[in-house]
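A short worksheet on the structure shown next.
The values are calculated or read from the model by the stated rules, or taken from the named source; none is laboratory data. Please read these numbers as outputs of a predicted model, since none were measured by experiment. Reconstructed Cβ throughout: ideal geometry from the backbone, glycine too, with neighbour counts over all protein chains shown.
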Amino acid sequence: MTFILDNWYLIFLALASGAMLLVPTLRGGMAGGVTAAQAVQLINREKAVVIDVCEPAEFAAGHAGGAKNVPLAQLQERLPQVVKNKAVPVILVCAKGARASRAAAVAKGLGYERVQPLAGGLAAWREAGMPVEKG
């Protein structure tokens with residue numbers, strides 16, 4: 001007990017550093033998703049469908065090659081029309097990844113088994129040197 005009282009600041013420092021290591025892991029776990037390289041593998045090997053959940057103006061400014069635009073607000077109504085096979089991998093993309101994570105929850109609620117957001121969104125896609133289309 002004396003050790004704890006005499007070295008409270010060391011214990012605090014150890015707990016704080018542990019928390020700092022844990023926070024990115026938890027954030028990554030919540031956002032989750034696939035990397036750009038993993039997404040390309042899913043597209044090439046398993047015919048994954050890429051759905052961009054950005055608004056139409058954002059989509060026109062730039063989107064992942066071959067992506068289909070279904071804004072997040074319309075996802076529940078339009079996703080079953082765009083992706084009829086619920087067993088096919090679905091990769092959801094937005095600008096940074098936050099909307100895609102929310103969209104993944106909606107898609108899973110609709111019964112899509114293999115839906116994942118693109119970690120880091122379109123920014124990560126561009127950073128990885130993947131093709132971006134406009135229009």
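Against the criterion of being of a type in the set (Asp, Glu) and touching a residue at least 24 places away in the same chain (Cβ under 8 Å), residue 55 does not qualify.
Considering each residue of the stretch 90-117, count those that are of a type in the set (A, V, I, L, M, F, W, C) and over 20 Å from residue 80 (Cα atoms), and give that number.
Just the residues of the stretch 90-117 that are of a type in the set (A, V, I, L, M, F, W, C), to begin with: 90-95, 98, 100, 103-107, 110, 115.
Then keep just the ones that are over 20 Å from residue 80 (Cα atoms); that gives 95, 98.
Adding up the residues that qualify gives 2.
Could you grab me the full set of residues in the stretch 101-135 that are closer than 16 Å to residue 77 by Cα, in contact (Cβ under 8 Å) with a residue 12 or more places away in the chain and within 15 Å of the chain's Cα centre (by Cα)? Correct list: 102, 103, 104, 106, 107.
Summed over the stretch 46-73, residues that are in contact with a His (Cβ under 9 Å, 6 or more places away or on another chain), among the aliphatic types (A, V, I, L, M) and either modelled with pLDDT under 95 or part of a loop (DSSP other than H, G, I, E, B) (or both) total 0. When the stretch 98-135 is filtered for residues that are touching a strand residue (DSSP E or B) at 6+ places or on another chain (Cβ under 7 Å), over 11 Å from residue 35 (Cα atoms) and assigned to a loop (DSSP other than H, G, I, E, B), the ones remaining, listed by number, are 112, 114, 130.
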